[in-house]
Amino acid sequence: MIRLAILEDHPAIAEGLTALMKGEPDVTVVGTARDSVAAERLIQSQSPDVILCDIRLAGTVDGLEILARHTPGPAFIMLSAYSYPSYYSAAVERGAKGFLSKMAAIDEILTAVRKVAAGGPPSRTPSVARPVPHCDRRRRVKPRSWRSSPRAGPTPRSPSF
């Protein structure tokens with residue numbers, strides 16, 4: 001059984017993911033959190049195997065900082081509504097096992113959850129990000145530096161792992 005935590009500050013997305021995951025026989029949603037404080041408590045108390053985490057999570061720290069604090073640890077799949085190369089590289093540098101667009105189909109999300117829970121990479125689908133050639137992975141992005149002005153604009157196509 002895969003123990004899944006959902007860290008998402010948009011109620012419709014969090015509740016939708018939770019409802020869809022509850023119908024899966026091999027996935028148990030151990031909890032959801034809508035801000036960084038609740039996220040830290042959830043991770044500590046429930047010890048999830050996989051975490052779906054919004055990059056721009058509300059609270060005192062964002063999803064990237066939560067990822068950094070818990071690596072190594074549970075497998076993180078970062079969620080974003082944006083396909084900025086700097087988001088992807090920051091997530092990879094901090095240890096994310098996957099990076100999914102919030103536009104991904106539920107089947108894509110389920111496949112990614114199952115694959116990272118088994119220790120593998122998520123599926124290679126259009127909604128899963130991959131390294132972008134012009135993105136310098138050595139450049140460090142401070143967790144909140146991109147909130148006010150992203151250094152890189154959206155890519156013309158959704159990258160894949």
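Each residue of segment 50-67 in turn: what ³J(HN,Hα) in whole Hz from Karplus with 6.51, -1.76, 1.60 and θ = phi - 60°, glycine and Pro shown as x?
Rounded to whole hertz, the list is 10, 10, 8, 10, 5, 4, 9, 5, 5, x, 6, 10, 9, x, 5, 5, 4, 4.
Quick one: if you stick a label point 7 Å off each Cα along the C-beta vector at ARG41 and ILE106, how many nm between them?
2.9 nm
When a footprinting reagent is the concern and you count Cβ atoms within 10 Å, what order do SER47, SER101 take, fewest first?
Taking fewest neighbouring Cβ atoms as first place, the list is SER47, SER101.
Would you please give the residues with an amide H less than 5 Å from that of GLY31, counting only those at least 5 places away or on a separate chain, with H modeled from the backbone geometry?
Long-range HN contacts for GLY31: ILE6.
Using each residue's phi in segment 23-38, evaluate 6.51 cos²θ - 1.76 cosθ + 1.60 at θ = phi - 60° and report the 3J(HN,Hα) Karplus result to the nearest Hz, with x for Gly and Pro.
x, 8, x, 9, 10, 10, 7, 7, x, 10, 9, 10, 8, 5, 5, 5
Between segment 1-48 and segment 72-113, how many Å separate their Cα centres?
That distance is 15 Å.
Near the amide H of LEU79, under 5 Å away, which other amide H atoms are found, from residues 5 or more places off or on another chain, if H is placed in the peptide plane?
CYS53, ASP54, ILE55, LEU100
Modelling each spin label as a point 7 Å along the Cα-to-Cβ direction, I'd like the ASP26/MET1 distance in nm, to one decimal.
My value for the distance between the label points is 1.6 nm.
Rule-based calculations on the coordinates, nothing more; no lab input. All values derive from a computational prediction rather than experimental measurement. Quick reminder, even Gly has a Cβ in these numbers, built from the backbone with ideal geometry, and neighbours come from all protein chains shown.
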